[in-house]
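Read-outs throughout are calculated quantities, based only on the coordinates presented, and are distinct from any laboratory measurement. Bear in mind that the values here come from a model prediction, so they are computed numbers and not experimental data. Cβ placement follows ideal geometry from the backbone for every residue including glycine, while neighbour counts extend to all protein chains displayed.
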Amino acid sequence: MKLVRLPIPPPGQARKAAKCTHGSGGCQLKARRGKFGPRDRGAGAASKSRGGRSRGATSGGGGRAEATGHGARSSVRAGRSVPPDSNVRPGSLVEGTVSANRAGYGFLRVEGFKESVFLPPPEMRGVMHGDRLRVKVSRDATDRWSGAVQQVLERGVSAFLGTVEVQGRSAWVNAADRRLQLRCAVAPQDLHGARSGDWVIARITRHAGSASGAHAVIGKRLDPDRPVELATESAIARFDLPHEFPAAALREAQAHGDQVDTREANERVDLRELPLVTIDGDDARDFDDAVYAEPHAGGLRLIVAIADVSHYVRPGSAVDAEAQMRGTSVYFPTRVLPMLPTALSDHLCSLAPRVDRLCFAADMVVSRGGALKNARFYPAVMRSAARLTYTLANDALFVGRPAARTQLGPLLEPLMVLVDVYRALYKARGHRGALDFDAAEAEFVIDAGERVRAIELRARNDAHRLIEECMILANVAVAEALEKAHVPTLYRVHGQPEDEKLERLTATLKALGIDARIPKTVTTRDLQAIAQRVGNAPERAFVESLVIRSMPQAVYQPANIGHFGLALTHYAHFTSPIRRYPDLVVHRTLKALIGAQGGSGVRYATAELSALGESTSRLEKRADEADRYVSGFLKCTYLKERIGQTFQGLITTVVEFGCFVQILDVAVDGLLHIDNLRDDQYVMEDDGHAWRGRRTGRRLRTGAHVRVLVTAVNPIEGLVDLALAEEA
């Protein structure tokens, strides 16, 4: 049974198929995965989602909406371009990341290269999947790039999921991911009670060398019958995610106590009488932002109050060092790895209802046409009037359910003004042509035994969009103010798509029967029109994902080049300092601008901001990859219990060894290998975008719907193998 890793590889990059084997109620938790969502869904944000609390999601490895290209490689990093491989000569040294195959060879993914560099088995000795290498490139007999390893720059794996093997007085741990081809010796004192056959997290203490083998120490023992825990712990190990706070950071966080200092509150603008509210997911615990609106002579007044993390987390502190090292909170279905200790993230900084909290306010006036007329910023003290959910807010404000409106009571009137703000901002969004994609997000239904019982695809509602637009406006206002004052800060930037990726997109759309004439100087309006041509057909989500993958990834940097996906000239992340370090940096620079008292303002040097931009962009990407890994693992776990069942699928990519098919019900991708196309003899046509059966004439083309049978699944490696279901 031949399998391929998730997510879908770029067109034209064939991967060797692999074989896999497979084995064989209570209270339920609904947990949404994903990160890109309503707080700044169009903004490349790693959005809040504690378990079921997602601010948007990705499915199948794509991005939700910001057109960040998450899941696809980009030649844009912090505003710098890497020369394409056409400028590289044989004998040149290049750096990249290894993608290993369990057959013994590997490929080096080099940023800016059109093709991967082949690493033959001899070059893979002592090299593991995920390692970062420096190699000398040459052209082989088939005119493809081949590499000779010069140096291991960085190990990609320091800990891994594996099984213990004990024979007499000797013990080993074997990596569950076969691409690692890793077998580490374990000293008896390092087993820590693990027995043969146990599933464990092991940490490498010595990597394999030319004359010595690898060694490891056993860490945590796991229950293989609890797949959510298995997936989460595997991701923490695989991506080397910090998950314990240093004692010094915990002491600092707890030293602030659990109440706002009265003297500090008295020195701030007092917003406690305003009915500010938070609107979040059902199981949210850390509330970054609260909103309030009222009519104004110039149009509408909108206050976005953000948790004042910078007051508590100062540069040079242990908490700040740990937050900078983490870069972002990481959210899994049943667990969160917060950027800040929970004494701050879930308590003192969180804008919980009916308690005093310090905040940083963006107080703005918006015209009825959605234009930002003016803005001012100030430290304040607030008291949230209510903690609302997206469901309740949508039912009351947009659906008009009487019970929901009654539940809001006196808050209904100011919240209806907030709806006016949203409609004005959404209208302005349409006028400027910002991308507005609405792919459904995956929600896992998890039982008490941490097993996935169902996967539900949930669409956003207007309450999500309301919050999104308010946050985007605050982010724009802050970015404009800082640039106007020439105060260096971190901007959230998103460059234009590259010509080559747009050409690839055009070719794929043509194979789908979509006539997309993309102009040389492309705008977001041009790309939005592509999805609109599809309407609400089942293919729309796939087409939107194609558009997203044609774009570079949004990054943080001190040079403002604008935000292509949002069609904005100024954009920064200000609204989520509890869970994103760049927002904390922006808060500090804004406080330096307004001369806020208390010493929490910081004027950063441009070089320092450049380094912070690169590190936080990298850490955000790591968090995204960990999220996608866990989601893929759990989707595979769900399908593993449904081997032999048939599903409706959509062909997303045609490759030389078969087709990649997305199972629509659960938004997971699998391989329909050419060996499993047994109803006919298939030949490739349409420039590689379709397979055609010689006898039946059946065409398996990109974008076609097929019924597929799940035949094998390997959750650890994200492998799903499919066969064509018999036609009725």
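Its Cα centre serving as origin, the chain has a Cβ charge dipole (Lys and Arg +1, Asp and Glu -1) of approximately 880 debye. Each listed q (0.13, 0.15, 0.18, 0.22 Å⁻¹) maps to a log10 I(q)/I(0) for the range 409-549, found by the Debye formula over equal Cα scatterers with no solvent: -0.84, -1.02, -1.17, -1.31.
Between V355, G197, V260, the Cα set farthest toward the positive side of the dipole of the chain (charges on each charged residue's Cβ, about the Cα centre) is that of G197.
Since only A428, L612, P90 are under comparison, the one whose Cα sits farthest along the positive direction of the charge dipole of the chain, derived from C-beta charges on Lys, Arg, Asp and Glu, is P90. Across the range 499-549, Cα pairs under 8 Å and at least six residues apart give a relative contact order of 29 percent. Quick check: Cα centre of the range 530-578 to Cα centre of the range 427-450, how many Å? Centre-to-centre (Cα) distance: 13 Å.
Ranked by the mean number of other Cβ atoms within 10 Å of their residues, highest first, the peptides 223-231, 550-558 fall in the order 550-558, 223-231. Relative contact order for the range 159-238: 30 percent, from Cα pairs under 8 Å spaced at least 6 residues apart, divided by residue count. With contacts taken as Cα pairs under 8 Å at a separation of at least 6 residues, the range 441-548 carries a relative contact order of 12 percent. Taken about its Cα centre, the range 499-549 carries a charge dipole of about 40 debye when Lys and Arg each add +1 at the Cβ and Asp and Glu each add -1 at the Cβ. Quick check: from the Cα gyration tensor, does the range 586-700 come out rounded (a/c under 1.5), prolate or oblate? The shape class here is prolate. Let me make sure I get this right: for the range 159-238, a, b and c are the square roots of the gyration tensor eigenvalues over alpha carbons, sorted descending. Under 1.5 in a/c it's rounded, otherwise prolate if a/b > b/c, else oblate. Which is it? Cα axes put the range 159-238 in the oblate bin. Arranged from fewest to most other beta-carbon atoms within 10 Å of their beta carbon, Y629, Y390, Y331 become Y629, Y390, Y331.
Within a straight-line Cα-Cα reach of under 19 Å, K520 can be paired with the following aspartates and glutamates, leaving aside sequence neighbours fewer than 8 residues apart in one chain: E498, D499, E500, E503. Between the C-alpha center of the range 126-173 and that of the range 323-381 there is a gap of 42 Å.
Over the residues of the chain, the helix contribution to mean residue ellipticity at 222 nm works out to -7500 deg cm²/dmol, using -39500 (n - 2.57) for each DSSP H run of at least 4. Over the range 499-549, the alpha carbon radius of gyration divided by the compact-protein estimate 2.2 N^0.38 Å works out to 1.02.
Considering only V269, I518, L412, the residue lying farthest towards the positive end of the dipole of the chain is I518, judged by Cα position with unit charges set on Cβ.
Among 572-585, 515-528, 456-469, sorting by the average number of other beta carbon atoms lying within 10 angstrom of each residue, highest first, gives 572-585, 456-469, 515-528.
How far is the Cα center of the range 654-702 from the Cα center of the range 269-295, in Å? If you average the Cα positions of each part, the centres end up 50 Å apart. Calculated over the chain, the projected area of the Cα convex hull averaged across directions stands at 33.2 nm². Among the listed pairs K501/K635; K136/K220; K501/K591, those with a Cα-Cα distance over 31 Å are K136/K220; K501/K591. For the range 213-253, the convex hull drawn through the C-alpha positions has a volume of 126 cubic angstrom per residue. Simple point charges give the picture: +1 on the Cβ of Lys and Arg, -1 on the Cβ of Asp and Glu, and for the range 545-621 a dipole about the Cα centre of about 120 debye.
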